[in-house]
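For reference, the structure is listed below as structure tokens.
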Amino acid sequence: MSTTPTTGPDFVSFQVRDLDASAAFYADVIGLPRIPAPNPDAAVFSTGPDSTAFAVRRPFPGVDLDAAAPAPGYGIGVWFHSADPAAVHDRVTAAGATVVQEPFDGPFGTQFAVLDPDGYTVTVHGDA
């Protein structure tokens with residue numbers, strides 16, 4: 001048995017139906033800065049200098065997102081930090097995205113949850 005520890009996650013990606021639509025959602029609506037990606041099947045975003053990178057990518061061969069029930073990523077929580085979650089909420093609602101949990105003050109500051117274009121639930125939170 002190895003004593004070398006595993007760390008992470010150091011990269012998180014969602015497989016998506018429409019790469020361009022999902023890339024626009026995370027850049028323009030959620031507000032993540034897009035960074036160059038060596039993989040043409042992915043759009044990669046910076047989540048901060050010492051944070052985990054995030055990406056959306058075309059599905060791997062054999063993956064059928066429409067067969068995922070009840071939705072892709074069901075039961076997995078992915079959270080993004082924002083200095084101004086209220087402004088992100090305003091962009092989300094202006095874009096017509098589905099908010100599944102309206103903003104409230106929680107243990108991680110103001111937080112809310114939204115569905116992305118593929119049905120993944122993501123939470124945006126502020127400072128506690």
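Rule-based calculations on the coordinates, nothing more; no lab input. From a predicted model like this one, the values you see are computed outputs, not experimental measurements. Positions of Cβ are generated from backbone atoms using ideal geometry, with glycine treated the same way; all protein chains shown enter the neighbour counts.
Couple of notes before you dig in:
- Fluctuation leader among Ser13, Ser51, Ser22 - the chain, Gaussian network, Cα springs under 10 angstrom: Ser51
- Extension gain for the segment Thr47 to Ala94, taken as residue separation times 0.36 nm less the Cα-Cα distance, is 14.7 nm to one decimal.
- Remark: the chain carries a charge dipole of roughly 240 debye about the Cα centre, counting +1 on each Lys and Arg Cβ and -1 on each Asp and Glu Cβ.
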